[in-house]
Amino acid sequence: MKNSFCLIVLFCTAFIVNGQTTNVLFIGNSYTFVNNLPQTLADIALSKGDSLVYDMNTPGGYTFNLHTTNTTTLSKINSQPWDFVVLQEQSQLPSFDPIQVATDVFPFARHLDSLILENDSCTETVFYMTWGRKNGDLSNCSVYPPVCTYSGMQQRLRESYLEMAQNNHASVSPVGIAWKYIVDNYPAINLYQTDESHPSVHGTYLAACVFYSTLFHKSAIGSSYLLPGISPSDGLILQTIGSLTVLDSLSMWQSNGDIPIADFSFLASGNIVQFNNASQNATAYNWDFGDGSVSMQSDPQHVYGSNGQYIVTLTSSTLCSSISIVDTITITTADIHGNGTKFYIDIYPNPIENELFVDFNNYIFENIELELYNSNGQLILKTKHEASSSLRENFECVAPGLYLVVLYTDGNRILNKKIIVKAK
């Protein structure tokens, strides 16, 4: 991400079915306990129409090693089948020399993960990547110089948490990555308490935004909930950075590849619709075409019996979890091609920075309209074109986030595609 983007348009993955309920156990120490991170996350989720049910065990200064024999931790892990268990190590240990981390951290991370999976094999372990201290770890600087600075300590935390996730087939909540972006680009937002270690309310709120996107696969942007002391403008920055850090790179943070991501597009020719499944990590699909018909095919074609507007739902699943996405399709019996000619539409790049290109692969359409919607369903851009086989749109003033591009020709929708606008 670069530091020149403007925070104008709100975005969230509102195309995903709302109303998720998630059960999460937090295991950590004061970094999680201070300002009550789990409750902050629950309040953000509630403001976005979701529900977080949580429990926690966060004794001050606790390490993974101590948690492996803590009766409260063990009891809470086994108390119910959790959707997620969040593991947060003591703030300094993962930043030490890799040889020491391999001895003092990794075995206990693995042990906790094995206990979590033993309780329920479908529970997802999420490692909570924390942040470097504001001026580095001065108490260990002479022993291991890389931690003498914030950036050096942060880099080691990143490396260790990513390795923990890879070693355990688990995921990461990249709070430390979002933290670094704020430190580098918004220094006026103080993420630290006076001890230069624990999070301020801004730091906790940023962490909660990252966790919301990590656990729900949605953006926190637009949440009406702010911790006391956070201005709406700062809140929007924290929501944006927290969300983009996760959603721009889901595959990086979810190294296990087990959590499905639902997505699809479609091409309509009269009452015949070809659905193109763009889901990730899923092994089974369930389509509801909105007219009483269903399909379990990956890329079904469906013929609608009458004109009208239909709500299409795709549910993409694995053995352990599923997620649904919805869209509305309008059916008319007119053949938009006239002679039934097949055509293909390429839209690129995705993600984009400044320009969006649409290529109809030499097929010429007339009376083309392009509409761009944000996640709240608000139309933020509309352009009209006469006969053309390609389009080029300037997105320099479009804020980063997730959007829906809709193309029409002579009033008939021919493309419905989600795109990501990167930070500029």
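Couple of notes before you dig in:
- Residue within region 182-191 that is in a loop (DSSP other than H, G, I, E, B), in contact with a strand residue (DSSP E or B) (Cβ under 8 Å, 6 or more places away or on another chain) and modelled with pLDDT of 95 or more present: yes
- Helices (runs of 4 or more DSSP H) fully within region 65-168 counting 1 or more residues that are basic (K, R) and not assigned by TED's automatic domain parsing to the domain that holds S321: 71-77, 106-119, 150-167
- Subset of region 231-258 [surrounded by 16 or more Cβ atoms within 10 Å (Cβ to Cβ), modelled with pLDDT of 90 or more and either out of contact with any His (no Cβ under 7 Å at 6 or more places or on another chain) or not in a helix (DSSP H, G or I) (or both)]: G235, L236, I237, Q239, T240, I241, G242, S243, L244, T245, V246
Residue-by-condition table, conditions (1) over 27 Å from the mean Cα position of the chain (by Cα); (2) surrounded by fewer than 16 Cβ atoms within 10 Å (Cβ to Cβ):
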residue: P260; (1), (2): no, no
residue: D263; (1), (2): no, no
residue: N271; (1), (2): yes, no
residue: Q274; (1), (2): yes, yes
residue: Q297; (1), (2): no, yes
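- Residues being in a strand (DSSP E or B), closer than 30 Å to N23 by Cβ and at pLDDT below 90 - total across region 272-300: 1
- Looking only at residues of region 301-319 that are touching a strand residue (DSSP E or B) at 6+ places or on another chain (Cβ under 8 Å) and outside any strand (DSSP E or B), we find that the one that is surrounded by the most Cβ atoms within 10 Å (Cβ to Cβ) is Y304.
- Here D83, D55, D43, D137 are screened, and the one residue that is without any contact (Cβ under 8 Å) to a residue 40 or more places away in the chain and of a type in the set (D, E) is D55.
- In this structure, Y408 does not qualify as part of a loop (DSSP other than H, G, I, E, B), on the phi < 0 side of the Ramachandran plot and either surrounded by 13 or more Cβ atoms within 10 Å (Cβ to Cβ) or outside the structural domain of L247 (by TED's automatic domain parsing) (or both).
- Single residue of region 146-169 satisfying the filter (surrounded by 20 or more Cβ atoms within 10 Å (Cβ to Cβ) and of a type in the set (S, T, N, Q)) that is nearest to G242 (Cα to Cα): Q154
- Cβ separations smaller than 7 Å between residues 6+ apart or across chains give the following pairs from region 364-388 residues that are more than 19 Å from I419 (Cβ to Cβ) to residues that are of a type in the set (S, T, Y): I364/S388; I364/S389; F365/S388; F365/T409; E366/T409; N367/T409.
Residues are listed down the side, and each one gets a yes or a no for (1) among the polar types (S, T, N, Q); (2) surrounded by fewer than 18 Cβ atoms within 10 Å (Cβ to Cβ); (3) touching a helix residue (DSSP H, G or I) at 6+ places or on another chain (Cβ under 7 Å); (4) closer than 26 Å to P400 by Cα:
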| site | (1), (2), (3), (4) |
| --- | --- |
| C141 | no, yes, yes, no |
| S171 | yes, no, yes, yes |
| W179 | no, no, yes, yes |
| V201 | no, no, no, yes |
| V210 | no, no, yes, yes |
| L226 | no, no, yes, yes |
| G229 | no, yes, yes, yes |
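- Residues (in contact with a Leu (Cβ under 7 Å, 6 or more places away or on another chain), within 25 Å of D137 (Cβ to Cβ) and without any contact (Cβ under 8 Å) to a residue 40 or more places away in the chain) located in region 201-239: H202, L206
The values are calculated or read from the model by the stated rules, or taken from the named source; none is laboratory data. Just so it is clear, the model here is predicted, and its values are computed rather than measured. Cβ coordinates were reconstructed from backbone atoms using ideal geometry, including for glycine residues, and neighbour counts include every protein chain displayed.
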